[in-house]
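Presented below is the structure to which this report refers.
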Amino acid sequence: MSLGRLFIIVVLVLGGYQYWHSHRMRAPATPVVAALNREWDAYGFRIVPLEKFAMEARVLGAEHYSFDREAQLAPVDLALGWGPMARKEIIDKVRISQSNRFYFWHVDEFPIPRRDIEVNSANMHMVPASREVERALKSVRPGQEVALSGYLIEARAPDGWRWRSSMTREDTGAGACELVWVERIVTR
């Protein structure tokens, strides 16, 4: 391939990314106030609140998404730990990774029972309720403590596609993640 053709391809790819990035839907400038009996539109989706949500946890991992369909709605996934999974001496013995909207953990030797790891940690898809919340979510780093509040939600696209939050902490695997409309985040 000639250098000229390679240059043209690079320019087209970068131009396409720039166009997509500048035209993708952003978080609303002001938070959407929601009640459980009210639905609203955001990011091209119908948002259905399922249950109020609030938690304090340690960030085990943070993964940013730009290109999957879900990125328009949830640009950040946080792997969070609470209870024993928020304690440094425990999480230092657990290897954490995130990929493709999943959270993975591995231990050489269990520092606590397996089930305690499963029910005291989760991957959560974060949907910012405002630009300020979006900026805060994108700045979160592993090891920080966060306090979050908002709603567990279901998002519905006009073409029938749906993404629904898990409603229990007893589940694991595909479908076990929470989809969280984040109205407030505080990091420590």
Confirm whether residue 128 is surrounded by fewer than 20 Cβ atoms within 10 Å (Cβ to Cβ) and not small (Gly, Ala, Ser). no
Residue 154 being surrounded by 13 or more Cβ atoms within 10 Å (Cβ to Cβ), of a type in the set (D, E, K, R) and touching a Lys or Arg at 6+ places or on another chain (Cβ under 9 Å): yes
Within segment 57-67, how many residues turn out to be exposed (fewer than 14 other Cβ atoms within 10 Å of the Cβ) and either among the hydrophobic types (A, V, I, L, M, F, W, C) or farther than 14 Å from residue 127 by Cα (or both)? 1
Which of the following residues is under 15 Å from residue 50 (Cα atoms) and more than 13 Å from the chain's Cα centre (by Cα): 184, 131, 188, 156? 156
Give segment 110-136 a look and list any residue that's without any contact (Cβ under 8 Å) to a residue 12 or more places away in the chain and over 20 Å from residue 183 (Cβ atoms), or say none. 110, 113, 114, 115
Flagged in segment 125-152 as under 30 Å from residue 93 (Cα atoms), of a type outside the set (A, V, I, L, M) and not in a strand (DSSP E or B), in numbering order, are 138, 139, 141, 142, 143, 144
Okay, strands (runs of 3 or more DSSP E) sitting entirely in segment 55-106 with 1 or more residues that are at pLDDT below 95, of a type in the set (Asp, Glu) and out of contact with any strand residue (DSSP E or B) (no Cβ under 6 Å at 6 or more places or on another chain), I get none
Those residues that are assigned to a helix (DSSP H, G or I) and among the hydrophobic types (A, V, I, L, M, F, W, C), I need them from segment 107-117; list them, please. 117
Going by what's in this entry, would residue 113 be described as in contact with a Gly (Cβ under 6 Å, 6 or more places away or on another chain), surrounded by fewer than 19 Cβ atoms within 10 Å (Cβ to Cβ) and not polar (S, T, N, Q)? no
Residue check, residue 154 touching a Leu at 6+ places or on another chain (Cβ under 8 Å), at pLDDT 95 or above and among the charged types (D, E, K, R): yes
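The values are calculated or read from the model by the stated rules, or taken from the named source; none is laboratory data. Since the structure is predicted, the reported quantities are computational estimates derived from the model, not experimental observations. We place every Cβ from the backbone using ideal geometry, glycine too, and count neighbours over all the protein chains shown.
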